[in-house]
Amino acid sequence: MMGEAGWSIIFGSHTGLDRQPGVLGSPEGRARYEDALRKSGVSRILYGIKEIDRFLTEAGRHLDWAFVSFPYVATDMLPLVRSRSPTTRFVYDMVDFHGLRMAREAALRDDPELREAAERTRTVEEACAKAADVTIAVTAEEKAALLEMVPEATVEVLPNVFDLPRQPPPGPEARQGLFFVGGFWHTPNIDAVCWFANRIFPLLRKEVPDLIFRIAGANAGNDVLALGAIPGVEVIGFVPDLTSLYHQHRVFVAPLRYGAGMKGKVGQSMAHGLPVVATPVGAEGMGLQDGSHLLVAGDEDAFSAQVLRLLHDDALWLRLSVAGRAHIERTLSVEAVRGRLEAVLGG
């Protein structure tokens, strides 16, 4: 959207070129991401703090905004931007409420060390919000929570944005199986698929013996790859275009037991007209209503029961498909969010 509006955009990676992880460690792997950035309007890509510092030293006086994502990146970038380019307005994009996500995981695992780490992260997030000119929260709920902690902060909501396919999705008749997508550097996704495959999917296979559960997403480790040994589970890895997978499956599952913010996988599935069964954590942040836009369940038996409803009830499937897609178009499509972005950057 910024590229379309004519902004000149420089993209800076916090991590240097020689330390890029996983697929990004090779020129071929990076090319996919660099091409996507350039197609979005990025004119230059910087790798690492040293390159970013050189750019700010040379051109910082011409920089209107620094849009910085994640608390640990903002912690390093705030003093750099302030010293090199004091007139630049600094936007701190939380991405999600990391301290909240970590606290939820600590409670789930009863882990006192993780609980302490969550508190430290929350303190960092508070400091970033105090120091930034504008802080971006992804949901209204997280804006309210942050303002309770840092009432003097300027906080705006800029949610996830979804492209809706122009063609309506196919109906339920020829669809089969369950689908999940997620990046597996993000630990809530690992926990979600392991919990679902080990505890919920066996309940479903008792009722539907030939049921398939497909898991897509980059950077799957051994714990996720090992799920492929479970009968009916297929781990298919990175997929460049997910459209056909959204069109062939019957149900999208979002069994997230902890996390924060808005779940892009849920919004993307609904944008493609694929009904969702989610936990309360998976459904939060988008104004979704259980039974109207998706189905929500918190425990293993209830989650299994909700999936079975969507597998067998075409009328329910069609109702949720239409309502979910309409909700995303009305609230989180490019056109719906464009005005919010323009207000933030124009204010």
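The values are calculated or read from the model by the stated rules, or taken from the named source; none is laboratory data. The model shown is predicted, which means the values in this text are computed figures rather than measured ones. In this analysis, Cβ positions are derived from the backbone assuming ideal geometry, glycine residues included, and neighbour counts consider all displayed protein chains. Accessible surface areas use protein heavy atoms only, side chains included; no ligands, DNA or RNA. Shrake-Rupley method; radii C 1.70, N 1.55, O 1.52, S 1.80 Å.
Under the condition of being in a helix (DSSP H, G or I) and free of Cβ contacts under 8 Å to residues at least 24 places away in the same chain, which residue from segment 203-240 is farthest from the chain's Cα centre (by Cα)?
Quick first cut of segment 203-240, residues in a helix (DSSP H, G or I) only: 203-207, 222-229.
Filter once more, keeping what is free of Cβ contacts under 8 Å to residues at least 24 places away in the same chain: 206, 222, 225-226, 228-229.
Details: 206: 32, 222: 22, 225: 21, 226: 24, 228: 24, 229: 27 Å.
So the residue we want is 206.
Taken over segment 105-159, the residue count meeting the criterion of being under 21 Å from residue 69 (Cβ atoms) and not small (Gly, Ala, Ser) is 29.
For residue 35, the requirement of being modelled with pLDDT of 95 or more and in contact with a Lys or Arg (Cβ under 6 Å, 6 or more places away or on another chain) is not met. Here segment 290-333 is the region considered, the condition is being touching a strand residue (DSSP E or B) at 6+ places or on another chain (Cβ under 8 Å) and among the β-branched types (Val, Ile, Thr), and the residue that is surrounded by the fewest Cβ atoms within 10 Å (Cβ to Cβ) is 296. For segment 69-76, does any single residue satisfy the condition of being within 25 Å of the chain's Cα centre (by Cα), open to solvent by 80 Å² or more (accessible area, probe 1.4 Å) and under 21 Å from residue 135 (Cα atoms)? Taking every residue of segment 69-76 in turn, at least one turns out to be within 25 Å of the chain's Cα centre (by Cα), open to solvent by 80 Å² or more (accessible area, probe 1.4 Å) and under 21 Å from residue 135 (Cα atoms).
Restricting 93, 110 to those that are open to solvent by 10 Å² or more (accessible area, probe 1.4 Å) and either on the phi > 0 side of the Ramachandran plot or without any contact (Cβ under 8 Å) to a residue 24 or more places away in the chain (or both) reduces the list to 110.
Of all residue pairs spaced 6 or more apart or on separate chains, those with beta-carbon atoms under 6 Å, a first member in segment 168-186 that is farther than 22 Å from residue 227 by Cβ and a second member that is among the aromatic types (Phe, Trp, Tyr) are 172/317. Scanning segment 150-167 for residues that are open to solvent by 50 Å² or more (accessible area, probe 1.4 Å) and of a type in the set (Val, Ile, Thr), we see that the one that is farthest from residue 322 (Cα to Cα) is 154.
Condition check ((1) assigned to a helix (DSSP H, G or I); (2) surrounded by 13 or more Cβ atoms within 10 Å (Cβ to Cβ)) across all residues:
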{"residue": "24", "(1), (2)": "yes, yes"}
{"residue": "28", "(1), (2)": "yes, no"}
{"residue": "31", "(1), (2)": "yes, no"}
{"residue": "35", "(1), (2)": "yes, no"}
{"residue": "51", "(1), (2)": "yes, yes"}
{"residue": "67", "(1), (2)": "no, yes"}
{"residue": "82", "(1), (2)": "yes, yes"}
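For segment 120-149, the set of residues classified as under 23 Å from residue 88 (Cβ atoms), assigned to a helix (DSSP H, G or I) and either open to solvent by less than 10 Å² (accessible area, probe 1.4 Å) or among the hydrophobic types (A, V, I, L, M, F, W, C) (or both) consists of 124, 125, 127, 128, 129, 131, 146, listed by residue number.
Within segment 10-23, residues that are hydroxyl-bearing (Ser, Thr, Tyr) sit with their Cβ atoms under 9 Å from residues that are part of a loop (DSSP other than H, G, I, E, B) and crowded, with 17+ Cβ neighbours inside 10 Å, at 6+ positions apart or across chains, in these pairs: 13/20.
Of all residues being surrounded by fewer than 21 Cβ atoms within 10 Å (Cβ to Cβ) and closer than 28 Å to residue 105 by Cα in segment 241-261, which is nearest to the chain's Cα centre (by Cα)? Just the residue, please. Going through the qualifying residues, I end up with 258.
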